[in-house]
Amino acid sequence: MRKYPKYKKSNLLGIEDAPIQWTEKRMKHIAAKKRFAIVDGPFGTQLKAEEYTESGVALIRISDLNWGGTIETEELKYISEEKSQELLRSSITIDDIIIAKTGATIGKSVLNDKIGFGIIASSCLKISPNKKEVEPWYLNYLISSKEAQELIILMSGGSTRDTINTQPLANIKFYWPSLPEQHAIVRFLDYKTGQIDSFITNRQKQIELLKEQLRKKIYTALTKGLSNKDFKSTALAWFPEIPKNWELYKFNAAIKLLHGFQFRDNHFREHGVKVAKITQLKADGSLDLSEASFVEEKFLIQLKDKIIKSGDILMALTGGTIGKIICVEDLQEEVLQNYRVGKFIPKDKRQLKKEFMFWVLSSEFTFAQILFLQRETGQPNIGISDFSKMFFPMPDTLEEQIEITTFIVNQKSETDTLISKYQKQIDLMQEYRTSLISQAVTGKIDVREWQPKKKQTA
């Protein structure tokens, strides 16, 4: 892309230079000439969750702002018309820019192109643009740029977490091109980001398809094997039929569940031996001890059977991640097992391979049975008695178990490699998208005469 003919040295933080014809203005100078053109949402005491309604006036929260620059309407909350009149100060209309003012997503911005009248929540800010000064979509691109995001973080403050308030936002300075240039930049960015977003969406769909294909392959391997022809009915919804030479086992008949130790609050110290709680079991299958709690070393002697070792198979037995399972790898220290972390071992290694058992415990049919028992009992956790009510199909030879395990490991490795490749492509395209927006809204590239390439006809 070509550059502008002439630049001037910038005196703005984070920007080295700008096209010579661009003018320096504060955010408040491009806002609409009306009261509350830059405003935040109502204080928490002015609007409470119990005042939300099933329909009425849309309430826009941080969770409704997506990174694509628009509002997600699927999970919108609403308030009554009467309540909205009390909060008119924080109202929005078409082409207003809504910004996350606090939290981990501070600075995330969207252009409202869907809601004619709504109210922003206390966690948001709004800018109503003066359309004689700024193109709304240009303003949204500018606020989403790396330079603007860095300025918002710099101008934020708060006793417990970063927050950008109306006054600091209103006083942030940028260089602004003329309206015709803004329109040209928006046209360029709409086209380019549209291409990028389409590529990313396509890759994300491919990743989800790969995951679904792997899920089906694992389920089929664990319930039907790899080459079996003859099957028998089980009368169970989780696996209606299994190979004739396989047997249906209750979990507790072939697998032993060992609970950890129930440490009390007064056991924990600032240093010592690490304790693996369910929060240390990560979704990627790893044991993350970076934020583990500690107990005194004397527990290593008292609880020798609760020491976790490499190769151990662990599962979260309670909470929102119930059923999450990992196989511990390369553990270089002694770690103790907390009570609601379950350790699983085969009762007879001549009958059940540990590696096969891991995939059974990781399976969708095991997780489905856990959720079923939770609904039936109303309990937020599972234990030994619950696994006595659960079933799994088991090949009658260790050789077939090894064959199935090898197949699953190879399939997962191939799928993970492809997913990693696609994810790297997504990451690179997202970086390119961010860079392109920054270059365009800071004048690093001149797109005034840019035209999309014409499609070649055969």
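Listing for the model above:
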| item | result |
| --- | --- |
| Size descriptor, Kirkwood hydrodynamic radius, that averages inverse alpha-carbon separations across the range 378-447, Å | 17.7 |
| Over the range 165-210: Rg over Rh, Cα atoms, Kirkwood Rh | 1.27 |
| Under 30 Å from the Cα of residue 8 - lysines, other chains or at least 8 residues apart | 25, 28, 33, 108, 131, 132, 146, 173, 192, 444 |
| Under the Karplus curve 6.51 cos²θ - 1.76 cosθ + 1.60, θ = phi - 60°, whole-Hz ³J(HN,Hα) for the range 99-110, x wherever Gly or Pro sits | 10, 5, 9, 7, x, 5, 9, 3, x, 4, 10, 9 |
| 24 Å tail of the calculated P(r), the range 247-394, as % of Cα pairs | 31 |
| Entry for mean projected area of the Cα convex hull in nm² (calculated from the structure that is shown) out of (1) 31.2; (2) 21.0; (3) 34.3 | (1) |
| Mean separation of Cα contacts under 8 Å (6+ apart) over length of the range 275-342, as relative contact order % | 43 |
| Relative contact order (%) - the chain, alpha-carbon pairs under 8 angstrom, separation at least six | 16 |
| Filter on 274/306; 224/250; 256/298; 250/349; 114/205; 211/412 - keep pairs with C-alpha separation over 21 Å | 256/298; 114/205 |
| Computed over the range 23-176, Cα set: Rg, Dmax in Å | 14.6, 47 |
| In order through the range 310-321: 3J(HN,Hα) via Karplus (6.51 cos²θ - 1.76 cosθ + 1.60), integer Hz, x for Gly, Pro | 4, x, 5, 9, 10, 9, 6, 9, 7, x, x, 10 |
| Mean separation of Cα contacts under 8 Å (6+ apart) over length of the range 23-176, as relative contact order % | 32 |
| Cα Rg, Dmax (largest Cα-Cα span) when computed across the range 9-99, Å | 17.6, 54 |
| FRET E, pair residue 1, residue 334, Förster distance 41 Å, beta-carbon r, rounded to 0.05 | 0.10 |
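Each reported figure results from applying straightforward, stated rules to the coordinates on display, with no laboratory input. Remember, it's a predicted structure, so these values are computed and weren't measured experimentally. Positions of Cβ are backbone-derived with ideal geometry, glycine not excepted, and every protein chain shown enters the neighbour counts.
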